[in-house]
Structures are given as C-alpha cells and as structure tokens.
1. Give the number of residues within the range 11-32 that are within 11 Å of the ligand (Cβ to nearest atom) and in a loop (DSSP other than H, G, I, E, B).
2. Has the range 163-182 got any residue that is open to solvent by 70 Å² or more (accessible area, probe 1.4 Å), in contact (Cβ under 8 Å) with a residue 24 or more places away in the chain, of a type outside the set (Asp, Glu) and in a helix (DSSP H, G or I)?
3. For the range 34-54, check the following and say yes or no: at least one residue is under 27 Å from residue 141 (Cβ atoms), in contact (Cβ under 8 Å) with a residue 12 or more places away in the chain and in contact with an Asp or Glu (Cβ under 7 Å, 6 or more places away or on another chain).
4. Taking the condition in contact with a Pro (Cβ under 8 Å, 6 or more places away or on another chain) and under 30 Å from residue 50 (Cβ atoms), does residue 111 pass?
5. Please give the number of the condition residue 8 fails out of (1) in a helix (DSSP H, G or I); (2) open to solvent by 10 Å² or more (accessible area, probe 1.4 Å); (3) not charged (D, E, K, R).
6. Within the range 119-135, work out how many residues are within 20 Å of residue 163 (Cα to Cα) and in a loop (DSSP other than H, G, I, E, B).
7. Which residues, counting only those in the range 37-89, are away from the ligand (no atom under 11 Å from the Cβ), among the hydrophobic types (A, V, I, L, M, F, W, C) and either over 22 Å from residue 99 (Cβ atoms) or open to solvent by less than 50 Å² (accessible area, probe 1.4 Å) (or both)?
8. Could you please find all residues in the range 112-150 being crowded, with 18+ Cβ neighbours inside 10 Å and in contact with a strand residue (DSSP E or B) (Cβ under 6 Å, 6 or more places away or on another chain)?
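The values are calculated or read from the model by the stated rules, or taken from the named source; none is laboratory data. Just so we're clear, the structure is a prediction, and the values are computed from it rather than from any experiment. Methodologically, a virtual Cβ is constructed for each residue, glycine included, from the backbone with ideal geometry; neighbour enumeration extends over all protein chains shown. We work out accessible area using only protein heavy atoms, side chains counted, and drop any ligands, DNA or RNA first. Shrake-Rupley method; radii C 1.70, N 1.55, O 1.52, S 1.80 Å.
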Amino acid sequence: MRLVLVGPPGAGKGTQAAVLSTELDVPHISSGDLFRANIDGETPLGQQAKSYIDAGELVPDEVTNEMVRQRLAEADAQRGFLLDGFPRTTPQAEVLAGILAENGMELTAVLQFEVPEEELVKRLLERGRADDTEEIIRRRLAVYRSETEPLLEYYRDKLVTIDAVGSVEEITGRALDALRARI
Ligand code: AMP
C-alpha cells in the first residue's frame, strides 16, 4: 500500500498515520518529522529548513524533495509507505510520481482528512508545538489553501475522503473502511 495523507494542519494526519502505519504494516514517513529531527540534530538540512518552518512557510522544493527521495529509497519503504505532509504542492506531487515511476510503481490512494476550520485552530492551539502560535497557524492554513488544496484536483482519481471529526478510533475505522472499499 502506497498512501498519501492530505489535509490541513491540525486535521490529525500525524495521529492517524501512526495508527494506520501499524494497521497497514507500512512505514509512516512524515516530512515535518524528518525536518524536526534534522533541526534537533543541527544538520545542514535542519539549518536550511528552520526559518521557513518557524514562519509557517513551505521549505523550498529542492530541499524537501531530496529529503523525501532519500527516505523513500530506504529498505523499509520498498514494501509501501504512508506519506504524511508530502506532497504539499503540485510540483512535489509530480516529483513523487516520477520517483515511483522510476520503480514502475504508482500511488494506491490519497486519503483526504476533512475538518472545519474552527476545529483546526482549536486543536492546534491545544497541541502547542513551537510553530503552533495563532499567527503562524493562520499562515499555515493560508498556505494549505493556496498551495496544497490544488492537489485534491490533481489526485481526483485516487482521492478517498473521510470526515476527520470524532475520536481517534472512529476516524481510524472510517479510514480503513474507506480504503478497503477502494482497493
Ligand atoms: P507538519 O509537521 O506536516 O505540520 O510540517 C511542519 C512544517 O514543516 C510546515 O509548516 C513546513 O514549514 C514544513 N514542511 C513539512 N512538509 C513540507 C513539504 N512537503 N513541503 C514544504 N515544507 C514542508
């Protein structure tokens, strides 16, 4: 199973990705987690990414695409993956399609998380990560709308949409049901 999760910041993608990765037995690959690990480890990539992340802006594609390309080349990703936070732009989606095509593969499905905006802001303020201040949250939501939402059209043939308001267990159940109906 090669799966991409799409949804606005605060939609619960990371939480669901962790559960679904166990259920589906594929690695959870989060571009945000990869960036944060690089920032914590004070690597050159982390230094390049930090100012963008702190501002709620997207890290430039050449940095992001290369990081994800390397992660997807690792042994555990060969049986499938669950990508969380990547792609976030149509050019990134084209790069991903190219990486998969090099290996004669394509995505199985794209799982979209739908959550009303008031609920997103509430959840993010409760989470309290370093980039979860109200101003930066607003910026990330605006970036989602302008840069990432066009992906829904790009992926229309692979899109599986679920209502992502409810308990963690309810949402996992909806995701698994929707994916099973699709594959
Ligand atoms: P996330 O953990 O997915 O909320 O990502 C946190 C931050 O990392 C984002 O606000 C961006 O600054 C950066 N980031 C994560 N994934 C990407 C991506 N695919 N493209 C560009 N920037 C990204």
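1. Counting residues in the range 11-32 that are within 11 Å of the ligand (Cβ to nearest atom) and in a loop (DSSP other than H, G, I, E, B) gives 1.
2. Yes, the range 163-182 has at least one match.
3. For the range 34-54, residues under 27 Å from residue 141 (Cβ atoms), in contact (Cβ under 8 Å) with a residue 12 or more places away in the chain and in contact with an Asp or Glu (Cβ under 7 Å, 6 or more places away or on another chain): present.
4. No; evaluated as a whole, the condition is false for this residue.
5. For residue 8, the failing item is (1).
6. Going through the range 119-135 one residue at a time, the tally reaches 0.
7. Correct list: 45, 72, 77, 81, 82.
8. Selection gives 112 alone.
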